[in-house]
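Working notes for the structure below.
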Amino acid sequence: MIRFVCAAVLTSVILGSVALCQLLLLREVDVQFTHDVDDHNSEDHGGDEAQTYDVLVTLGFDAVADPFQLDGTTSGIRLLVRADGQDVISHVSDVRRGDNVVASAVSLAGPEVHFYLEATPGLEESERPCAVRLRVMRGGDAYADTTVWSEGYGAVVQREIRLTLRRQLHELDRGL
Amino acid sequence: MLDGWSGVIVKKRLFFVGLALPVVLCTLTAAAVAKGEPGDKLKIVCSTSQIADFARNVVGDRMEVVSILSAGADPHTYTPVPGDSRLVEGADLCLQNGLHLEGKNWMAALARDNGNKPLVTCTEGVKPLDLEQEGETVEDPHAWFDPRNAALYVRNIVRAAERLDPDCASGYRARAELYLRQLRALDGWVEKQVGRIAGDRRVLVTSHDAFNYLGARYGFKVRSPVGWSTGSEIGGGITPARRRTVVESIRSSGVPALFVETSVNPKLISEIAREAGVKIGGELYSDAMGEPGTAGETYVGMMRENTLTIVEALIEP
């Protein structure tokens, strides 16, 4: 009889402990995420009202004087970026490979923005494909990041791009 | 008083005259009005077919573009005919190459003598190559053979078209941008094709000094027996010394082929080829482009065909 009672008590304690642990593990915990993940609120993308962003362009080639530009080698535009029809960057001096060209505080009404990008490689770039990276940033966060390529080796990089401005999330901290 | 039958005949004649007269008057009025209609296109008259091709690519169908020289004609030795004066008389703008390509400045004379027409020189801004000919330094007029200079021609034509017709300036600029992209692609393509020829085989021997710009751009040594002009100007015409130099140069360079030109008599170059023991590599478009309907009737076509002819003749077998 005593053995029976002991066994029953021991089993109850073990089972009860397991149940308690499960209960504790499954209880909702108020975890503060660094960024909201599942719920796309208006702070994560542009929303419909105009907000200001920085537009960064980085070239994978030297954009220098092009004798085939309409405005000639002295005043020809090396790098042109338009956002929703407005000139954002219109660079007439040479831009070297790896340089960042920045337009600050550009007013963009998202979430979708039409960009037009044009960059002219120098004739020395004729043996390789040419790429341009376009980023839209706000408060240190990237809202759009894309790379466009020339159609052929050394060709002018020229593309219209439709970008959705949404805060790009690179790290998630779910913690337990 | 008219008697019965005569009266009827006269009345019938008067009746038909009465019917016909308004029709004739209306037709004459319509013709007079149509002649002066504001819808008439502006007209550009060009000295050479290359310039006419550039102009068409800029103005499209907005203006009428004509060339005085036909395919295969030689601008150095050309003498204008009365029909050319009538052509220029109806022009709103004249375009010439300049740098004395038009022998004895025949285009400038036409523009001046037929209503002092505005004349634009397409080589304005070109950095000309100098040619030394028997102690004289002359400027080589064949600048269009470097596509980068062709781009300059196009820019000069755009500016002229904008001045002539400012309402359509944006259209001219848009067309010119597209055409300049084509010239850029052409330049890259020619460079790539010529890259197939070994450096020591890049010797271009032609009928006259038309290809120096091509040579400078793509790394050819250019030799020719005739001076810079096929005409009788400074440096023009073959000399025995020059011919000997060319034959020796060909023999010592081991160049595999010589080239004749569509606008120059091929006899001389064929004789030199026989003396030097080399073949004729093909026919090149030089001072004039091809006939309508041929591959060389446009500038891009001409450059493409010339490049392929040269590469196929000079490339290692």
Could you list, in sequence order, all residues of segment B:140-174 that are surrounded by 18 or more Cβ atoms within 10 Å (Cβ to Cβ) and among the polar types (S, T, N, Q)? B:ASN149, B:ASN156
Considering residues that are more than 15 Å from B:GLN50 (Cα to Cα), of a type in the set (Gly, Ala, Ser) and surrounded by 20 or more Cβ atoms within 10 Å (Cβ to Cβ), the number found within segment B:74-102 is 1
Return the total of residues in segment B:279-317 being surrounded by fewer than 21 Cβ atoms within 10 Å (Cβ to Cβ), closer than 24 Å to B:THR77 by Cβ and among the aliphatic types (A, V, I, L, M). 1
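Restricting the search to segment A:68-102, which residues are of a type in the set (Gly, Ala, Ser) and surrounded by fewer than 19 Cβ atoms within 10 Å (Cβ to Cβ)?
A:GLY72, A:SER75, A:GLY76, A:GLY85, A:SER90, A:SER93, A:GLY98
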Could you please find all residues in segment A:79-134 being modelled with pLDDT under 90 and hydroxyl-bearing (Ser, Thr, Tyr)? A:SER93, A:THR120, A:SER126
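When the residues of segment B:167-196 are narrowed to those that are over 22 Å from the mean Cα position of the chain (by Cα) and farther than 21 Å from A:ARG128 by Cα, which ends up nearest to the other protein chains (Cβ to nearest Cβ)?
First, the residues of segment B:167-196 that are over 22 Å from the mean Cα position of the chain (by Cα): B:167-171, B:174, B:188-189, B:191-196.
Now drop any that are not farther than 21 Å from A:ARG128 by Cα, which leaves B:167-171, B:174.
Details: B:ASP167: 19, B:CYS168: 15, B:ALA169: 12, B:SER170: 12, B:GLY171: 13, B:ALA174: 9 Å.
If we take residues in segment B:167-196 being over 22 Å from the mean Cα position of the chain (by Cα) and farther than 21 Å from A:ARG128 by Cα, then B:ALA174 is nearest to the other protein chains (Cβ to nearest Cβ).
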Confirm whether A:ASP94 is touching a residue at least 12 places away in the same chain (Cβ under 8 Å), within 17 Å of A:GLY60 (Cα to Cα), more than 14 Å from chain B (Cβ to nearest Cβ) and of a type in the set (D, E, K, R). yes
Selected residue (criterion: farthest from A:SER126 (Cα to Cα)) from residues of segment B:149-166 that are within 13 Å of another protein chain (Cβ to nearest Cβ) and among the aliphatic types (A, V, I, L, M): B:ALA161
Residues (more than 24 Å from the chain's Cα centre (by Cα), part of a loop (DSSP other than H, G, I, E, B) and farther than 23 Å from B:GLU248 by Cα) located in segment B:269-317: B:PRO317
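In segment B:105-133, how many residues are in contact (Cβ under 8 Å) with a residue 24 or more places away in the chain and of a type outside the set (Val, Ile, Thr)?
The initial filter retains those residues of segment B:105-133 that are in contact (Cβ under 8 Å) with a residue 24 or more places away in the chain, namely B:106-107, B:109-110, B:113-115, B:117-126, B:128-129, B:131, B:133.
Then keep just the ones that are of a type outside the set (Val, Ile, Thr); that gives B:106-107, B:109-110, B:113-115, B:117-119, B:122, B:124-125, B:128-129, B:131, B:133.
Total satisfying the criteria: 17.
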Regarding segment B:137-148, can at least one residue be identified that is within 12 Å of chain A (Cβ to nearest Cβ), modelled with pLDDT of 95 or more, assigned to a helix (DSSP H, G or I) and out of contact with any Leu (no Cβ under 9 Å at 6 or more places or on another chain)? no
Which numbered condition trips up A:PHE68, out of (1) under 27 Å from B:LEU152 (Cβ atoms); (2) away from chain B (no Cβ under 14 Å)? (2)
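The values are calculated or read from the model by the stated rules, or taken from the named source; none is laboratory data. These figures come from a predicted structure and were not determined experimentally. Glycine gets a Cβ as well: all are built from the backbone with ideal geometry, and neighbour counts include every protein chain shown.
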